[in-house]
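Asker: Pasting a structure here, questions to come.
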Amino acid sequence: MNNSGLRIIPFGGLGEIGKNMMVIEGQNDLVMIDCGLQFPDADLKGVDMLVPDVRYVIESSKNVSILITHGHEDHIGALRYLEPLLDCKIYAPKFAALLLTRENKFKNPIKIVEERISYKISEEFHATWFSMSHSIPDSMGIVLDTSLGKIVHTGDFKLDFEDKNYQITDKSFLEDLKDQNVALLMSDSTYAEIPGVTPSEDILDEPLTNIIKNAPGRCIFSTFSSLIRRIQRIIEISERYQKKVCFVGSSMHKYTDIAFANGYLKAATGTVVNAKYLSTLDPADVVIIMTGSQGEPRSALVRLSVNELDGIKLDSRDTVVLSSGVIPGNERKVSGVINKLVGNCAEVIYQPLNTVHVHGHAAADELRWVIDTVQPKYFVPVHGEHKHLIQHSKLANKSGLGEDRAIIMRDGDVGVLDSLGFKLTDKLDLTDIWVKGRRLYDACEVLQKERLSVSNSGICLINLMVNRKDVLTSECSEFGVVPNRNKKDFISDVQAAISDNQKKLLDLTDDLAVNKGRIDELIRNIIYKMYHVYPKIICNVTFS
C-alpha cells in the first residue's frame, strides 16, 4: 500500500446477516462503521450471540473512531461487549445513542450527530450523516471525506421519499453527491433479490384501520419493538376509535419508554394504559402491542399462544396481528406460533394473507437508483448473504460498473483504495467470537461437537472402583440418555453389563494413561448394544 492509500476491511455483515462492521483505515487513523451482533443458529449450543473479531483493531496503534448508522442490534449490539477493549471515539444518531446508553456504561463518551453537518473525525477523515428511511428512528447513511474522494455508506435503507409523517430518505443530498467525486459506494444488499420498489408505510393505514375498527374484541399486535413509526400508526388509529393501548414485553417497554421520553412517540393523555387495568376495560376498546413477532421462545406472543402470559389470556374474540416480516431462519418458529393461535381466537392476520407489514430495506429498483444517482467510481455491496451481494453487484453491472469496479467482498477481505483505483490485496484470518453472558471467547469446533453430542444423546457418568483383590464395581448415573421411566432399568443394565465385562475392563485399567479412551469406548459400545444410543461417556477410575 502506498502512503496515500486506504484499507477497506469488512469484519462482519458481508456474506451473512448480522454482525455488521466495516473498517476504513488510513495512515494514522482507523474508522469503524457500525459494530453489530449476530444471533446464533439453533445448532450453536451455549452461545448467546456472536460479535465481530476486532483483534486487528485492538492491536492497531492508530486512532480509532466508531461511526454508527442506526440503532438496530445487528449494527450496535456488539459495542457493549467490545467498547471496553477499545480506546475510541463514538459518534451516533440520537436514537441509537439513547439505546446504547440506557443499559450500558461506556468508558468512551458518545457524541450525538445531526444530519448534514460535517464532523472532523480525525486529521484524515471528516464525516457527514444524512437521513435514510428505515424501520427505526434516526437511520442515516454516512459520507466519509478522504484525500482520495468520498466514501459513501448507505446504512440500511429504503427510498421512501413521500411518507407524510415520518423520516424520509434525503433525496436531494444523494443527488448532490453525483458531482462530488465519490470514490466508493457501499450499499445495503438485504433485499437485492426483490424486484421493484419497497412501498411506503402509508399503505398500511387503511388495512390497519379496518382491523382495529372492526375487531370484535381485543386487537393484539405483535411487531418489532424498534418499529416506532408502526407503533405510532397503531396508536393514532386506536385514538381515532377511542381505544386504549397497552404495551407488553420487556423489549417493547424499553423502546417505547425511550421513544415517548424523547418525542419519537406521542399519545393523548389516557390512551396508554398499564396491563393490570385491562380486566376493567371492555375488550372491544383495547389494543395490545407486544413482542414475539419472530417466535422468540419466551416472548410475550409465544407465552400468550400457550396461555402462559401473566395477566393476559387468549380469548375467542381476540384478533391477533403479526405486523412484521419473518427474518430468514425464523420461519418454523413463527409458523409454530401461528398454528397455536389459530382456532383459539377470532382471527390471526399475517403476511401474505393481508397487507399488515412493510419492510425497511430497498428493493432492486431503489438500489439501482442509488448507484445511478451517486455515480461512484467503485462499488461494494454490503449487508447481506453472499447471494444478496452477487445480485446487488449485477445491478451495478447494469448501471455501467463492470466487474473491475463492482467488487464483491467477504468478511476479512482487505481492499486497497489508492490513486490507481480499488482492488483486493489480502485477507485477514477472522475467528467467530462467541458471547455467553458477558464473557467473550473464541469459537471452538471441538467444543461445539461435544455440546452437540450431549444435546443429541445425553451424558453417562461412570465410576469404576477397583479393590486390592482386583474386583471391579461400578456406579452409573445418566442425564438425557433415556426417559425418566427407564432410568432405573438403564442404570441396572449398564452396571450389570460392566460386571459381565469385568476382565476386559480390569486389563485396561492396568495402564490408564494409554487406555482411558478405550475404556470409554468399551462402555459406550456396551450401552449402544442395549439401547442403540451413543451418549457422552465420563468415566472415572479409582483404586482402593
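No lab work stands behind these numbers, since they all come straight from the coordinates. Quantities reported herein were computed from a predicted structural model and do not represent experimental measurements. Cβ placement follows ideal geometry from the backbone for every residue including glycine, while neighbour counts extend to all protein chains displayed.
Asker: What size of dipole, in debye to the nearest 20, comes out for region 104-230 about its Cα centre when the only charges are +1 on Lys and Arg C-beta atoms and -1 on Asp and Glu C-beta atoms?
Answerer: Value, rounded to 20: 600 debye.
Asker: Once you charge only the Cβ atoms, +1 for Lys and Arg and -1 for Asp and Glu, what is the size of the charge dipole of region 386-451 about its Cα centre, to the nearest 20 debye?
Answerer: Dipole size: approximately 380 debye.
Asker: Next question, about the same structure. Just to confirm my numbers, what's the Cα centroid distance between region 147-187 and region 355-399 in Å?
Answerer: Going from one Cα centre to the other spans 13 Å.
Asker: For volume of the Cα convex hull per residue in Å³, several values are listed as [x] 170; [y] 197; [z] 149; flag the one computed from this structure.
Answerer: The value matching this structure is [y].
Asker: Would you mind telling me the antiparallel percentage of the DSSP bridges in the chain, rounded to 5?
Answerer: Beta bridges within the chain, antiparallel portion: roughly 50 percent.
Asker: Name the residue from Ile234, Gly249, Ser499 whose Cα lies farthest towards the positive end of the charge dipole of the chain, charges +1 on Cβ of Lys and Arg and -1 on Cβ of Asp and Glu.
Answerer: Of the options given, the answer is Ser499.
Asker: Under the Karplus relation 6.51 cos²θ - 1.76 cosθ + 1.60, θ = phi - 60°, what is the ordered set of whole-Hz ³J(HN,Hα) values for region 415-425, x standing for Gly and Pro?
Answerer: Working through the residues one at a time gives x, 10, 9, 9, 5, 8, x, 9, 8, 7, 10 Hz.
Asker: State the Cα centre-to-centre distance between region 201-260 and region 472-509 in whole Å.
Answerer: 58 Å
Asker: Can you count the Lys pairs in region 329-460 with C-alpha separation below 24 Å, eight or more apart or on different chains?
Answerer: Close lysine pairs found across region 329-460: 14.
Asker: For the pair Phe543/Arg410, report the inter-label distance in nm, with labels modelled 7 Å from Cα in the Cβ direction.
Answerer: The two pseudo-label positions are separated by 5.3 nm.
Asker: Subtract the Cα-Cα distance of Asn210 and Asp520 from 0.36 nm times their separation in residues, and report this length gain in nm to one decimal.
Answerer: Answer, rounded to one decimal: 105.1 nm.
Asker: Per-residue ellipticity at 222 nm for the chain, helices alone: DSSP H runs ≥ 4 residues times -39500 (n - 2.57), over residue total, nearest 500 deg cm²/dmol?
Answerer: For the chain, the value works out to -8500 deg cm²/dmol.
Asker: May I pose another question? Compute the acute angle (0 to 90°) between the alpha-carbon long axis of helix 512-531 and the principal axis of greatest extent of the alpha-carbon atoms of the chain; round to the nearest 10°.
Answerer: Roughly 90 degrees between the two axes.
Asker: If you don't mind, there's one more thing I want to ask. Pick out, from Gly270, Gly15, Val326, the residue whose Cα sits farthest towards the positive end of the charge dipole of the chain, with +1 on the Cβ of Lys and Arg and -1 on the Cβ of Asp and Glu.
Answerer: Sorting the options by dipole projection puts first Gly270.
Asker: Volume per residue, Å³, of the convex hull around the alpha-carbon atoms of region 1-153?
Answerer: Dividing the Cα hull volume of region 1-153 by its residue count gives 124 Å³.
Asker: In terms of modelled amide H atoms, which long-range or inter-chain residues lie less than 5 Å from the amide H of Cys539?
Answerer: Under 5 Å from the amide H of Cys539 lie the amide H atoms of Ile462, each far enough along the sequence or on another chain.
Asker: Can you give me the relative contact order of region 355-425 as a percent, contacts being Cα pairs under 8 Å and 6 or more apart?
Answerer: Relative contact order here is 26 percent.
Asker: Between region 42-108 and region 319-333, what is the C-alpha centre distance in whole Å?
Answerer: 27 Å
Asker: To continue, here is another question. Using modelled backbone amide H atoms (1.01 Å from N, in-plane), which distant-in-sequence or interchain residues come within less than 5 Å of Leu30's amide H?
Answerer: Hits under the 5 Å cutoff: Asn63, Val64, Ser65.
Asker: Okay, moving on. Please give every one of the aspartates and glutamates within straight-line cross-link reach of Lys504, meaning a C-alpha to C-alpha distance under 15 Å, and leave out same-chain neighbours fewer than 8 residues apart.
Answerer: Within reach: Asp470, Asp520, Glu521.
Asker: Which whole-number percentage describes the relative contact order of the chain, with Cα contacts under 8 Å and a sequence gap of 6 or more?
Answerer: Worked out over the chain, it gives 15 percent.
Asker: Pull up all non-local amide H partners of Cys246: gap of 5 or more, or a different chain, and H-to-H distance under 5 Å with H placed in the peptide plane.
Answerer: When sequence neighbours closer than 5 places are left aside, the close amide H contacts are Val273, Val287, Ile288, Ile289.
Asker: Which value, in debye to the nearest 20, describes the size of the charge dipole of region 201-350 about its Cα centre when Lys and Arg Cβ atoms bear +1, Asp and Glu Cβ atoms bear -1, and nothing else is charged?
Answerer: Computed charge dipole of region 201-350: roughly 260 debye.
Asker: Would you mind putting 476-489, 518-531 in packing order, based on average other-beta-carbon counts within 10 Å, highest first?
Answerer: Per-residue mean Cβ counts within 10 Å order the peptides as 518-531, 476-489.
Asker: Sticking with this one: Around Gly295, what is the net charge, scoring Lys/Arg as +1 and Asp/Glu as -1 over all other residues with Cβ under 12 Å from its Cβ?
Answerer: Taking every Cβ under 12 Å from that of Gly295, the sum is +3.
Asker: Further, regarding this structure: Run the numbers for Lys45 and Ser419: contour at 0.36 nm per residue of separation, minus the present Cα-Cα distance, in nm.
Answerer: 129.9 nm
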